[in-house]
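S.K.: A single structure is presented below for examination.
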Amino acid sequence: MRPDLLSLTRAGLCCPAGDFFIDPLRPVARALITHGHSDHARAGHGQVLATRETLAIMALRLGPEFAGSTQAVAYGETLRLGAIEVSFHPAGHVLGSAQIRIAGAGIVVVASGDYKREADPTCAAFEPLACDVFITEATFGLPVFRHARAGAEIEKLLASQRLFPERAHLVGAYALGKAQRLIALLRAAGYDRPIYLHGAIEKPTALYAAEGIELGDLRSAAASDRAKLAGEIVICPPGALQDLWSRKFPDPVACFASGWMRVRARARQRGIELPLVISDHADWDGLTETVKETGCRKLLVTHGEAEALVHWARGEGLEAEPLHLLGYGDEEADAAPVAEAEA
Ligand SMILES: [Zn+2]
Ligand SMILES: [Zn+2]
């Protein structure tokens, strides 16, 4: 990778002129964090700069001592770090998620973290930014990935809930972001019954509610008689669907909300009766349209289906390189986030 303000180190993307790292994979003196998912937001940095919401998520997940010091940065606020101007802009991925724009020496680089383009009632909408170099993920970076509209998937869930009043609908959803988006989408679709939460979903959901996201009447599944939850919707981490925990519900319908549910074999493998293609990552059209919108001359792909997106970008006349950054995972595929979410 050529200078362009950032260099690739063992700790991840580094900006020497500003003396900081973006979403570093190991402890560093100063980290700029795009969002609160565990593969991007790690403990042990000297100083962390992030949005106020991301800092709150990190404190919840990692404990209040997760960094030596923290600085909250508002969307659109410009900071000066060394010779570099830095600002955070909405990425539309989860609450507080940000793209990080860095400018210096006449070059603008945008590191987008994880992002999506579809509207999400639980976070600020992705803001397209003009730049010279755009750094993107490519979790769903293959032309076969075209996510359905989330609203249409929610209608499927509600149709099934009406059709099977004697069964409980258990919806597997990643505990931070996806679960709260599902609840908000159900509310937007007019569903006003109580929604039941697995223990691992409760704390992140309380954080969203405290941030003013309207989620309606929520109940603890642990505090309820599970055998009596026929006709109800219960949100749980994907891993809990296969647990003994799920068997106490009346004839449960196993549902899973993830972009990977586009792949039938994945749904079958996991015994999912009702797959819901709801993703917090951009699909192929979202990725390629975003790259075009930035007007960038160079594209760097951090992780995911990097080769396909790089190939596409070169065809569009851009300079493009995969960075092969190991260590960024994919929360949508995660089968066992239970332990982490409860920690
Ligand atoms: Zn993420
Ligand atoms: Zn990620």
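S.K.: Under the 0.36 nm per residue contour assumption, what length would be gained going from the current alpha-carbon distance of I107 and K203 to full extension?
M.R.: Going from the current span to full extension adds 30.5 nm.
S.K.: I've got another one for you. Let me cross-check R262: its accessible surface, 1.4 Å probe, with only protein heavy atoms counted, in Å² to the nearest 10?
M.R.: In the full protein context, R262 sits at about 100 Å².
S.K.: In addition: Which of the GluC sites (Glu not before Pro) found in segment 125-172 are in a DSSP loop and have at most 15 neighbouring Cβ atoms, other than their own, within 10 Å?
M.R.: Taking segment 125-172 and a limit of 15 other Cβ atoms within 10 Å, the loop GluC sites (Glu not before Pro) found are E166.
S.K.: Along Cα→Cβ, 7 Å out, is where each label goes; now give me the distance between the ones at E214 and R10 in nm to one decimal.
M.R.: About 5.1 nm separates the two model spin labels.
S.K.: Mind checking the per residue accessible area of segment 1-74 for me, 1.4 Å probe, whole number of Å²?
M.R.: 39
S.K.: If the elastic network links every pair of Cα atoms under 10 Å, which of L323, L176, L197 fluctuates the most in the Gaussian network model of the chain?
M.R.: Looking only at L323, L176, L197, the largest GNM fluctuation is found for L323.
S.K.: Where in segment 99-114 is the amide nitrogen less than 16 Å from a point lying 7 Å along the Cα-to-Cβ axis of A83?
M.R.: Within reach of a label on A83: 102-109.
S.K.: Quick one: net charge around A72, please, counting Lys, Arg +1 and Asp, Glu -1 for every other residue with C-beta under 15 Å from its C-beta.
M.R.: Within the 15 Å Cβ shell, the charges total -1.
S.K.: Rounded to the nearest 5, what is the percent of antiparallel bridges among the DSSP beta bridges in the chain?
M.R.: 35
S.K.: Using 1/(1 + (r/R0)^6) with R0 = 22 angstrom and r between the beta carbons of R247 and A152, what's the FRET efficiency to the nearest 0.05?
M.R.: E between R247 and A152, to the nearest 0.05, is 0.15.
S.K.: How large is ³J(HN,Hα), in whole Hz, for each residue of segment 45-62 in order, when computed from phi with the Karplus curve 6.51 cos²θ - 1.76 cosθ + 1.60 and θ = phi - 60°, using x for Gly and Pro?
M.R.: Those phi angles translate into 7, x, 10, 10, 10, 6, 5, 4, 5, 5, 4, 5, 5, 5, 5, 5, 7, 10 Hz.
S.K.: Right, here's the next one. Share of the chain's accessible area from carbon and sulfur, percent, 1.4 Å?
M.R.: The C+S portion of the solvent-accessible surface of the chain is 53 percent.
S.K.: For V108, enumerate residues with amide H under 5 Å from its amide H, sequence gap 5+ or separate chain, H modeled in the peptide plane.
M.R.: Those qualifying (amide H under 5 Å, at least 5 residues apart or on another chain) are D132, V133.
S.K.: For a label point 7 angstrom out from the Cα of E307 toward its Cβ, which stretches of segment 263-285 have the backbone nitrogen within less than 19 Å?
M.R.: Within reach of a label on E307: 284.
S.K.: Using θ = phi - 60° and the Karplus form 6.51 cos²θ - 1.76 cosθ + 1.60, what ³J(HN,Hα) does each residue of segment 94-108 get, whole Hz, x for Gly and Pro?
M.R.: 9, 3, x, 5, 9, 8, 10, 9, 10, 9, x, 6, x, 10, 10
S.K.: So what J values fall out for segment 206-215 if you push phi through Karplus, 6.51 cos²θ - 1.76 cosθ + 1.60 with θ = phi - 60°, rounded to Hz, Gly and Pro as x?
M.R.: Values per residue, Gly and Pro as x: 4, 4, 4, 4, 5, 7, x, 7, 6, 10 Hz.
S.K.: Using a 1.4 angstrom probe on the protein heavy atoms only, line up K228, K178 by accessible area, largest first.
M.R.: Largest accessible area first, the residues go K228, K178.
S.K.: Given +1 on the Cβ of Lys and Arg, -1 on the Cβ of Asp and Glu, and no further charges, what dipole in debye does segment 226-339 carry about its Cα centre, rounded to the nearest 20?
M.R.: Using Cβ point charges on Lys, Arg, Asp and Glu, segment 226-339 gives about 520 debye.
S.K.: Send over a whole-number figure in Å² for the accessible area per residue of segment 223-343, probe 1.4 Å.
M.R.: About 43 Å² of surface per residue is accessible.
S.K.: Let me ask another. Once both labels are modelled 7 Å past Cα along the beta-carbon direction, what's the H324-A227 spacing in nm?
M.R.: 5.6
The values are calculated or read from the model by the stated rules, or taken from the named source; none is laboratory data. Quick caveat: nothing in here was measured; it's all calculated off a predicted structure. No Cβ is skipped: glycine too gets one built from the backbone with ideal geometry, and neighbour counts run over all protein chains shown. These accessible areas exclude ligands, DNA and RNA; they are computed on the full protein's heavy atoms, side chains included. Shrake-Rupley method; radii C 1.70, N 1.55, O 1.52, S 1.80 Å.
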